[in-house]
Amino acid sequence: MLLMSCGSRKKEQVENVKQVNVPAFNADSAYSYVAKQVEFGARVPNTTAHKKCAQYLSDKLRSFGATVIEQKATLIAFNGTKLEAINIIGSYNPEATERVLLFAHWDSRPWADNDPNPANHKTPVMGANDGASGVGILLEIARQLNLQKSDVGIDIIFFDAEDYGASHYNGSNTEDSWCLGTQYWCANLHAPNYTAKFGILLDMVGAPNATFFKEQYSMDYASDVVNKVWSAAQGLGFGNYFRNDPTGPITDDHYYVNKLLGIPSIDIIQYRNEGQQSGFGHYWHTVNDTMDNIDKSTLQAVGATVMHVVYNE
Ligand SMILES: [Zn+2]
């Protein structure tokens, strides 16, 4: 009797576990979307490359079956420059009330001001990793969402004007000079009363041997989401990328989504605590942030992890 009742309870539990077939993330495809963005040149607001890339991203999302909104705004940078910015929003299953937000910034920094050579400080950053990598992964996820629907609604947002912030600038309010597109969207949502169960930001997710630590704002606002994503990654065999150690707070797009909207959001962002010129990689905000520093294995680790989480919601 005892055995039987145990057995039947077990069966019931198994039946309650969602059986999910997660489509295979294709890193070759993601890589080609990263390369395509870089081919336009640096995607600095107010440039032709920026306009052309915006069109490409919108067209691509539409071709993958998303409902696309281009949110255009004139944003004022810390130095007074008026930025003609475009947030690009692609929605799947727009009627679903249960939603997950996936986001990345698509602009690239106008100045390589972390370059060891001062002569390069006014050269725009190509942003293969810092910008294009996250967008490339999300485009591949969009392609997959078109082939196999997820249960929850998904919003993929490519935010503009993340990387026009002040770094070697001594004015006030410098922290809020970053992430301008996201701050604008938080104050001007594309859909009235928009909200989501949680959000995942991808930033600098394509470098060889990248390591992603549990970033402090993500842990402060959304530790459940961090732990869910990290254990998914580790379960899939990507524990060498997704590490359990903490890092300090990083001001990035997820910070504003947490602070201004209360959508628990995390940042998957490359960071090392020590041993490099910059924790974000030696090519960060230099002229070397090119396709040479993009690795398909890293794209695969991040893309497959995010897909696993999304399709299991
Ligand atoms: Zn940057």
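Since every read-out is calculated from the coordinates, none of them should be taken as a lab result. Quick caveat: nothing in here was measured; it's all calculated off a predicted structure. For neighbour counting, all protein chains shown are included, and Cβ atoms are generated from backbone atoms with ideal geometry for every residue, glycine included.
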Looking at 70, 84, which one is more than 16 Å from the ligand (Cβ to nearest atom) and within 19 Å of the chain's Cα centre (by Cα)?
70
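Somewhere in region 118-141, is a residue hydroxyl-bearing (Ser, Thr, Tyr), touching a residue at least 24 places away in the same chain (Cβ under 8 Å) and within 30 Å of residue 23 (Cα to Cα)?
yes
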Of everything in region 96-116 that's hydrophobic (A, V, I, L, M, F, W, C) and not in a strand (DSSP E or B), which residue is farthest from the ligand (Cβ to nearest atom)?
96
Quick one: would you say residue 142 is of a type in the set (Gly, Ala, Ser), within 16 Å of the ligand (Cβ to nearest atom), touching a helix residue (DSSP H, G or I) at 6+ places or on another chain (Cβ under 8 Å) and more than 17 Å from residue 257 (Cβ to Cβ)?
no
Within region 79-111, count every residue that is within 20 Å of residue 42 (Cα to Cα) and surrounded by fewer than 18 Cβ atoms within 10 Å (Cβ to Cβ).
4
Do the conditions hold for residue 113, that is, is it in contact with a helix residue (DSSP H, G or I) (Cβ under 9 Å, 6 or more places away or on another chain) and more than 26 Å from residue 308 (Cα to Cα)?
yes
Would you please list the contacts, defined by Cβ atoms under 6 Å and residues six or more apart or on different chains, that run from a residue in region 183-210 that is outside any loop (DSSP other than H, G, I, E, B) to a residue that is within 16 Å of the ligand (Cβ to nearest atom) and hydrophobic (A, V, I, L, M, F, W, C)?
201/103; 202/104; 202/268; 203/269
Can you tell me which residues in region 216-231 are within 29 Å of residue 108 (Cβ to Cβ) and either buried (at least 20 other Cβ atoms within 10 Å of the Cβ) or of a type in the set (Ser, Thr, Tyr) (or both)?
217, 218, 221, 222, 225, 226, 229, 230
Could you tell me which numbered condition residue 124 fails, if it satisfies all but one of (1) within 16 Å of the ligand (Cβ to nearest atom); (2) crowded, with 22+ Cβ neighbours inside 10 Å?
(2)
Inspect all residues belonging to region 288-310 and state whether any of them is in a loop (DSSP other than H, G, I, E, B), aliphatic (A, V, I, L, M) and over 17 Å from residue 230 (Cβ atoms).
yes
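Every residue, every condition in (1) crowded, with 19+ Cβ neighbours inside 10 Å; (2) among the charged types (D, E, K, R); (3) within 16 Å of the ligand (Cβ to nearest atom), yes or no:
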| position | (1), (2), (3) |
| --- | --- |
| 235 | no, no, no |
| 251 | no, no, yes |
| 259 | no, yes, no |
| 285 | yes, no, yes |
| 291 | no, no, no |
| 296 | no, yes, no |
| 303 | yes, no, no |
| 306 | yes, no, no |
